[in-house]
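Accompanying notes for the structure given below.
The values are calculated or read from the model by the stated rules, or taken from the named source; none is laboratory data. What you are looking at is a predicted structure, and each value in this text was computed from that prediction instead of being measured. Every residue, glycine as well, gets a Cβ built from its backbone with ideal geometry; the counts of neighbours run over all protein chains shown.
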Amino acid sequence: MISALPSGRELHPLGSYMTQEEVGLAEPASRPNVCHDALSEARRRVIAAGQWSANQLLGRRWPIGCVALEITQRCNLDCAACYLSEHSETVKDTPIEELFRRIDLIFEHYGPYTNVQVTGGDPTLRKRDELVAIVRRISEKCMRPALFTNGIRAKRELLGELAMAGLVDVAFHVDMTQARKGYESEVALNALHRTGARTATFRAVQHHRV
């Protein structure tokens, strides 16, 4: 059975596969000669794939949805569904100079206003001054740094300092695979979600920026 999407397009039935042409359209874009060309190239690729719409931001506002910048594999939780290996704690942190180089490469490839997710592991386990410097470097390149964290070490003081360095968004990972104390069921976690913790914390961050 094929169901229709709100736009009028149809979902493909189970068992249908992309054509070679469609596979080609989905391949990563090559590095542009000038970063500003990335936006027009993204728009061309979205149109060619038949996915352009009035609400499409990719290709109109940004050349890519987001770029993840992993700054550590260390974490202070042991989530059952984690994508990192059980040996990730033994992986050394990437030197900050190399992270700066990667941030510069992201800018050269995608240009300003690119959303850069600072992630891990848990990024708050980096040295505080290094984490602030990483966020500042992204912001100074006119890109949009976001912090992806489990929230354990994301205290108000730290978030305020990161906001002053240019942080524009915070996302918390909270689910039952983390075995958090005091939250023994999805119902308990839903109560936490309903408090609007993410919004409230981000408002606190924005307050520090004023």
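Restricting region 35-51 to residues that are assigned to a helix (DSSP H, G or I) and in contact with a Phe, Trp or Tyr (Cβ under 7 Å, 6 or more places away or on another chain), the residue that is surrounded by the most Cβ atoms within 10 Å (Cβ to Cβ) is A38. Among the residues making up region 29-61, those that are at pLDDT 80 or above and among the hydroxyl-bearing types (S, T, Y) are S40, S53.
Out of C82, C35, one residue alone is in the same structural domain as I152 (by TED's automatic domain parsing) and hydrophobic (A, V, I, L, M, F, W, C). It is C82.
Conditions (1) under 15 Å from the mean Cα position of the chain (by Cα); (2) modelled with pLDDT of 90 or more; (3) over 20 Å from C75 (Cα atoms), marked per residue:
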| residue | (1), (2), (3) |
| --- | --- |
| G111 | no, no, yes |
| G121 | yes, no, no |
| L125 | no, yes, no |
| I134 | yes, yes, no |
| E140 | no, yes, yes |
| L159 | no, yes, no |
| Q178 | no, no, no |
| R194 | no, no, yes |
| H208 | no, no, yes |
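Evaluation of E98 against the conditions (1) over 19 Å from F148 (Cα atoms); (2) touching a residue at least 24 places away in the same chain (Cβ under 8 Å); (3) among the charged types (D, E, K, R) shows that the sole unmet condition is (2).
The sole residue among I2, I64 that is modelled with pLDDT under 80 and among the β-branched types (V, I, T) is I2. For region 112-166, filtering for residues that are in contact with a His (Cβ under 6 Å, 6 or more places away or on another chain) and either in contact (Cβ under 8 Å) with a residue 60 or more places away in the chain or not assigned by TED's automatic domain parsing to the domain that holds R101 (or both) leaves 1.
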